[in-house]
Amino acid sequence: MSDITDPIIVMKQEVGRAAANRVKSDSIVGLGTGSTTAYAIEYLGDRLSQGEIKNIVGIPTSFQAEVLAKKYNIPLTTLDAVDHIDVAIDGADEVDPQKNLIKGGGAAHTREKVVDSLATEFIVVVDSGKLTDKLGSTFLLPVEVIPMAITPAMNALKKLGGEPSLRMGIKKAGPVVTDQGNLVVDVKFDEITNPEELEKTINNIPGVLENGLFVGVTDIVLVGEIKDGQPTVREM
Ligand code: 5RP
């Protein structure tokens with residue numbers, strides 16, 4: 001059971017609720033991945049079941065999001081069946097002052113980038129601990145790589161000045177395998193001075209499917225904070 005007195009959990013809940021409250025009836029909604037978005041999906045389901053909003057369809061960014069949407073009775077669709085996404089709600093591991101992100105803590109950044117980039121409005125939900133002046137300061141950069149290319153791709157990441165490490169499973173022997181059946185390399189860079197260029201350079205390495213830099217994609221960042229002992233949500 002989660003500890004509802006834990007301030008980080010309270011911030012995640014509040015920011016998830018605030019994002020769910022922005023969704024209007026008759027919307028196609030991108031459903032992100034992670035512990036913060038999980039609350040947004042739950043509250044969206046609550047609003048639907050209470051009749052506060054109607055005619056919502058979700059597009060999940062991961063197996064986790066799909067399972068949660070089904071649990072909370074949010075109807076789902078696919079990108080083959082729609083011609084747009086109205087709003088996407090997703091978490092992040094780091095957010096810089098330009099609203100650029102590092103994502104992929106849940107190894108879902110490839111599908112997340114597809115869905116979040118297509119949305120007319122992309123809302124990022126984070127607790128205040130995710131804000132940083134420079135991307136890469138606190139979080140390693142996730143890179144999804146097809147399995148047969150893992151060695152040359154890691155060598156290429158080293159040549160770019162990174163320190164790559166293969167992400168290993170927890171409570172599972174061996175590496176993390178993504179929803180697409182690929183591997184994830186977490187890369188430490190001393191500093192990421194030009195995220196836009198690095199995003200493209202890494203994606204140009206043969207065998208790399210996608211990296212966790214999201215540059216120029218975010219519209220709104222909702223930040224959960226504790227002020228004077230009370231949880232609050234502000235727009236960055
Ligand atoms: C998954 C992600 C998540 O959105 C990110 O890791 C944030 O997760 P959380 O809300 O659990 O901190 O990018 O790939």
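The values are calculated or read from the model by the stated rules, or taken from the named source; none is laboratory data. These numbers were taken from a predicted model, which means no experiment stands behind them. We place every Cβ from the backbone using ideal geometry, glycine too, and count neighbours over all the protein chains shown.
Numbers for the structure displayed
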{"item": "Looking only at segment 8-37, and only at residues there that are polar (S, T, N, Q) and assigned to a helix (DSSP H, G or I), the one that is farthest from Leu79 (Cα to Cα)", "result": "Gln13"}
{"item": "Residue within segment 130-152 that is at pLDDT below 95, touching a strand residue (DSSP E or B) at 6+ places or on another chain (Cβ under 8 Å) and surrounded by fewer than 16 Cβ atoms within 10 Å (Cβ to Cβ) present", "result": "yes"}
{"item": "So Glu197, is it without any contact (Cβ under 8 Å) to a residue 24 or more places away in the chain and of a type in the set (Asp, Glu)", "result": "yes"}
{"item": "Test: Leu118 is of a type outside the set (S, T, N, Q), touching a helix residue (DSSP H, G or I) at 6+ places or on another chain (Cβ under 9 Å) and more than 17 Å from Thr37 (Cα to Cα)", "result": "no"}
{"item": "The one condition in (1) charged (D, E, K, R); (2) free of Cβ contacts under 8 Å to residues at least 40 places away in the same chain; (3) part of a loop (DSSP other than H, G, I, E, B) that Lys99 fails to fulfil", "result": "(2)"}
{"item": "Some residue of segment 84-104 being touching a strand residue (DSSP E or B) at 6+ places or on another chain (Cβ under 7 Å), surrounded by 21 or more Cβ atoms within 10 Å (Cβ to Cβ) and at positive phi", "result": "yes"}
{"item": "Of residues in segment 80-89 being closer than 25 Å to Leu222 by Cβ and more than 16 Å from the ligand (Cβ to nearest atom), the one farthest from the chain's Cα centre (by Cα)", "result": "Val82"}
{"item": "Output for segment 168-188, where each listed residue is surrounded by 20 or more Cβ atoms within 10 Å (Cβ to Cβ) and in a loop (DSSP other than H, G, I, E, B)", "result": "Thr178, Asn182"}
{"item": "Single match in Ala69, Ala40, Ala92 (criterion: within 12 Å of the ligand (Cβ to nearest atom) and assigned to a helix (DSSP H, G or I))", "result": "Ala40"}
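Let's see how each residue does on (1) of a type outside the set (Val, Ile, Thr); (2) assigned by TED's automatic domain parsing to the domain that holds Lys227; (3) under 13 Å from Asn182 (Cα atoms):
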{"residue": "Val95", "(1), (2), (3)": "no, yes, no"}
{"residue": "Lys99", "(1), (2), (3)": "yes, yes, no"}
{"residue": "Ala108", "(1), (2), (3)": "yes, yes, yes"}
{"residue": "Lys113", "(1), (2), (3)": "yes, yes, no"}
{"residue": "Ser117", "(1), (2), (3)": "yes, yes, no"}
{"residue": "Phe122", "(1), (2), (3)": "yes, yes, no"}
{"residue": "Val125", "(1), (2), (3)": "no, yes, no"}
{"residue": "Pro147", "(1), (2), (3)": "yes, no, yes"}
{"residue": "Pro152", "(1), (2), (3)": "yes, no, no"}
